[in-house]
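The values are calculated or read from the model by the stated rules, or taken from the named source; none is laboratory data. Here the structure is a predicted model, which is why all the values come from computation and not from measurement. Neighbour counts run over all protein chains shown; Cβ positions are idealised from the backbone, glycine included. Just so you know, the surface numbers come from the protein's heavy atoms only, side chains and all, with ligands and any DNA or RNA stripped out. Shrake-Rupley method; radii C 1.70, N 1.55, O 1.52, S 1.80 Å.
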Amino acid sequence: MSAIVAGVVVLDCAEPEKLAVFYKELLDAEETDATANRVEIRSPDGMRMAFRRDTNATPPSWPRPENSLQAHLDFLVDDLDDAERAVVALGGRPLEAKDAAGPFEERGYSDPAGHSFTLRLTRGTAPKQG
């Protein structure tokens, strides 16, 4: 029997209330807990995220080549263009100007606080040509 009951992805940021709204809207999630320094949400599929206040938080610098990517989030979507419109409307921004090379259809973004994430198609796709 595992000692761990559940996991939560926690992002440090200067304004947890604002970042929680971004992900709550993006994931159609509900707020499950809030304190002065932390907001937690849960999506309909059970994904749990929390946003912790760090007044000294600085956005990650990915994809700059001089810094390596430490961690990022992947979200599976049915339509990249629709999902991108939602991300941008909620205050996110694209990090890559074109679709990534390789067999998977995916695109990189950052949330309003600068954390990177990837949108990836859920269905299997054939390798890109050309």
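Looking for whichever is out of contact with any His (no Cβ under 8 Å at 6 or more places or on another chain), open to solvent by 80 Å² or more (accessible area, probe 1.4 Å) and modelled with pLDDT of 85 or more here; the options are 40, 66, 30. Which one fits?
Criteria check complete, one pass: 30.
Restricted to the range 69-103, and to residues that are closer than 15 Å to residue 122 by Cβ, at pLDDT 60 or above and assigned to a loop (DSSP other than H, G, I, E, B), which residue is least open to solvent (accessible area, probe 1.4 Å)?
Selected residue: 79.
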